[in-house]
Each structure stands twice: as structure tokens, then as C-alpha cells.
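Here the structure is laid out as C-alpha cells; the discussion comes afterwards.
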Amino acid sequence: MAAMRDAGRLVLGIETSCDDTSVAVLERGTTLRSHLIAAQDHRLYGGVVPELASRAHLELLPKLVERALHEAKVAPGELTGIAVTRAPGLVGSLVVGVAFAKAYGLALGIPVTGVNHIEAHLHSSALEHGQSPYPAVALVVSGGHTELVEVRGFGDYRWLGSTRDDAAGEAYDKIAKLLGLGFPGGPEIDRRAANGRPDAFDLPRPMLDRPGLDFSYSGLKTAVATALRKQGEPPYPVGLIDDLAASFQAAVVDTLAVKSMRAIEATGARALNLGGGVACNRELRRRLAVECEARGVALRIPTPRLCADNAAMIALVGAWQFDRGDVGDPELDAVAALEESGLPILRD
Ligand code: KG4
Ligand code: ZN
């Protein structure tokens with residue numbers, strides 16, 4: 001079937017793995033014709049509420065698809081394929097996207113391919129920076145993940161490290177709560193840290209003195225809580241919060257940068273590709289730029305919109321899957337756990 005062979009030409013991407021609903025139209029795996037992200041308002045509950053997230057996806061998705069097609073000036077019948085996040089994530093949220101994609105694909109008579117959300121983060125920098133040189137190291141740092149991966153090409157991965165407990169973004173969010181800042185905590189700590197002294201508090205750099213490329217952030221959280229308790233009762237002076245934010249951030253950035261450089265040295269990588277919401281962090285970007293420059297390694301960081309959860313990266317990987325000969329899967333199922341999502345996350 002001619003349409004199948006060309007399924008990657010004009011792809012509708014759908015992302016509903018967590019709380020953001022996103023839709024994109026991507027042409028030939030390179031040109032983003034439209035890209036919409038509807039972020040949920042967390043002010044009421046101070047975090048993600050799974051039931052509310054899936055209900056919001058259900059309500060928003062049809063409207064977003066209609067608007068994305070309108071903005072792309074594409075009629076539904078012109079689409080050649082659909083790419084939808086199938087794993088990992090909140091199961092109730094994933095199911096909404098997968099069910100919508102299957103129904104829409106069936107109605108249009110075009111193939112639907114399931115995309116792994118973490119795999120999409122590994123490659124999201126390609127949307128703006130083009131094809132990565134290989135071998136590359138990818139660092140995915142988000143609210144749910146801290147993954148360090150050797151990428152030898154599309155589909156060819158070796159897991160190097162991940163977190164033993166909290167994800168880097170989760171640590172940012174928990175510390176922000178402790179310091180009385182809003183959710184999500186990353187952007188706020190990023191801002192406050194710019195006014196603080198990174199050496200004001202002597203905080204641990206978990207797992208830095210050990211071999212291996214895993215991370216751990218729960219001990220750092222305890223250290224910040226202890227440091228704060230020693231300062232007495234709230235309300236705390238602004239300067240203290242700024243200093244603690246800066247000291248905490250310095251510890252996180254240190255661990256991420258040092259392990260990323262170790263990964264680059266161990267693999268001979270020519271590029272470091274970033275993904276995930278924490279990749280928006282200004283201090284992390286600055287530090288990695290210095291370290292990569294010193295080693296002659298290309299640092300490829302997406303713009304903030306493409307760092308966080310987005311459908312453009314889903315459409316990108318979907319287009320590559322179609323180009324590789326994927327004919328779609330009418331039986332597609334949502335899978336919540338990364339361990340069961342088909343990526344080679346086990347290490348020796
Ligand atoms: O990738 P993402 O939008 O969603 C998932 O978790 O999948 O990442 C959200 C995470 C949150 O934990 C948020 O606090 C963190 O990214 N984040 C940041 C910054 N912007 C967002 N962390 C540090 N610095 C930032 N500028
Ligand atoms: Zn994500």
C-alpha cells in the first residue's frame with residue numbers, strides 16, 4: 001500500500017503520558033507544522049492528580065487535534081500516520097491518548113504507531129539541532145526520570161545510569177515545597193538560586209565518590225531539611241531561601257554534570273543530548289556548556305518547550321518508526337512502567 005510506505009510523511013503526534021496534553025503535526029520528520037501544549041493548572045492541589053489529569057486529556061484532546069490541524073493548514077485526510085505515547089506514564093492518562101489515536105487512525109484509515117516517551121526524550125534535540133552525531137550520550141532529567149543512556153543510533157541504546165530513588169525534577173519539587181515555593185519547583189528554585197550563594201551550605205553530592213553512573217537524591221533532600229531546621233522556625237529570611245536554593249542546585253548540577261562527563265569519557269561520545277523539564281535549568285545548561293566545550297563534545301539542548309513533555313518529539317520518533325517500516329499496530333496498549341516498556345534499561 002503506497003500510503004503505508006509513506007506513513008512518516010505527515011504525522012500527527014499525541015502526548016498524554018502525564019498531566020500535559022500535547023498535539024503536533026510534523027512533516028517529513030523535520031518540519032513542525034503545528035505544536036500545541038496545554039499545561040494543567042496546579043495551583044489548587046500543588047501537584048499532579050492522576051484522575052484529574054486523565055479527565056482533562058479526555059476533554060482537551062479532540063479540541064487540540066482540531067486546532068493543531070487548523071494551524072498546520074492540514075485536512076485530517078491528508079495525515080499519513082499517527083504517533084502516540086504508549087509508555088511509560090500514568091496509565092489512566094496514557095489510555096486516553098492511545099484510545100483516541102486508535103479511533104482516529106481507524107476513522108482515517110491510517111496507521112497508528114506507539115512511541116516510548118523516554119525514547120522520545122532521548123531524541124528531542126534532533127528537532128532543532130538535526131541528526132545527532134553518534135555515539136552520543138543522552139541525559140533525560142524530568143519530574144519522573146533521571147536517565148543516562150548511550151545512544152549509538154535510533155533504536156540502539158545502552159543504559160548507563162538512572163536514579164536509585166527520587167528523580168532530579170522530583171527533588172527540585174520536594175525542596176521547593178520545603179522552602180515554601182510553588183509547584184513545579186524547578187523554575188522557582190532556578191530563579192531564587194540566581195540570587196543565592198551556591199557555597200552557603202555544604203550539602204552532599206550523593207554517589208559522586210562511587211564508581212558507576214547512577215544517581216540518588218533522597219539523601220540530599222534530607223540534608224536540605226536538616227539545614228533548614230537548624231535555622232529555626234519560619235518565616236525564613238529571603239536571603240536564606242536563596243542561599244539554600246543555590247546550594248541545593250549546585251549539588252544537583254554537580255552530580256548531573258560529573259556523571260554525564262564520566263559517561264562521555266566511557267563511551268567516547270561525540271554529543272550530549274538533553275531532554276526533560278530539568279534540562280531547562282539555567283545553571284545546568286551553563287555548566288554543561290563549559291564541560292562539553294572543554295572536551296570538544298557537541299551539547300544539544302532543546303528549547304524549553306521541547307525539553308518538557310511535548311508531542312513534537314513523539315511525532316518525530318513516530319515518523320522514524322514509520323520510515324523504518326513500522327506499519328502501525330491496531331492492537332496498541334498503554335504500558336505504565338518503564339521496566340515493561342521495551343527499552344533496555346537493565347545494566348550489568
Ligand atoms: O519533563 P517535564 O515537563 O515533565 C515530566 O516530569 O515528565 O519535567 C517537569 C520537571 C518538574 O519536576 C520541574 O520542577 C522540572 O522539570 N523543571 C526544572 C526547571 N523547569 C522545570 N527543574 C530545574 N530547573 C528548571 N528551570
Ligand atoms: Zn517526560
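Quick note: the coordinates plus some simple rules give every number you see, no bench work behind them. On a predicted model such as this, the values are computed, not experimentally measured, just so you know. As a convention, Cβ positions derive from the backbone with ideal geometry for all residues, glycine included, and neighbour counts pool all protein chains shown.
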Within region 95-149, restricting attention to residues that are surrounded by fewer than 21 Cβ atoms within 10 Å (Cβ to Cβ) and of a type in the set (D, E, K, R), which residue is nearest to ligand 2 (Cβ to nearest atom)? GLU128
Would you check if GLY46 is within 16 Å of ligand 1 (Cβ to nearest atom), in a loop (DSSP other than H, G, I, E, B), out of contact with any His (no Cβ under 7 Å at 6 or more places or on another chain) and among the small types (Gly, Ala, Ser)? yes
Looking for whichever is assigned to a loop (DSSP other than H, G, I, E, B) and within 16 Å of ligand 2 (Cβ to nearest atom) here; the options are ASP173, ASP166. Which one fits? ASP166
Among residues of region 66-94 being part of a strand (DSSP E or B) and not polar (S, T, N, Q), the residue surrounded by the most Cβ atoms within 10 Å (Cβ to Cβ) is ALA83
Among residues of region 213-237, those that are within 15 Å of ASP165 (Cβ to Cβ) and in a loop (DSSP other than H, G, I, E, B), counted: 3
Looking only at residues in region 186-212 that are within 16 Å of ligand 1 (Cβ to nearest atom) and either touching a strand residue (DSSP E or B) at 6+ places or on another chain (Cβ under 9 Å) or assigned to a helix (DSSP H, G or I) (or both), which one is nearest to VAL238 (Cα to Cα)? ARG192
Complete set of residues in region 260-298 that are of a type outside the set (A, V, I, L, M) and touching a strand residue (DSSP E or B) at 6+ places or on another chain (Cβ under 6 Å): SER260, THR267, ASN273, GLY275, GLY276, CYS292
Scan region 162-184 and tell me whether some residue there is buried (at least 22 other Cβ atoms within 10 Å of the Cβ), closer than 23 Å to CYS292 by Cβ and away from ligand 1 (no atom under 14 Å from the Cβ). no
Give region 1-41 a look and list any residue that's among the aliphatic types (A, V, I, L, M) and not in a strand (DSSP E or B), or say none. MET1, ALA2, ALA3, MET4, ALA7, ALA39
From the list ALA308, ALA319, ALA266, pick out the single residue that is of a type in the set (Gly, Ala, Ser), touching a residue at least 60 places away in the same chain (Cβ under 8 Å) and in contact with a Lys or Arg (Cβ under 8 Å, 6 or more places away or on another chain). ALA319
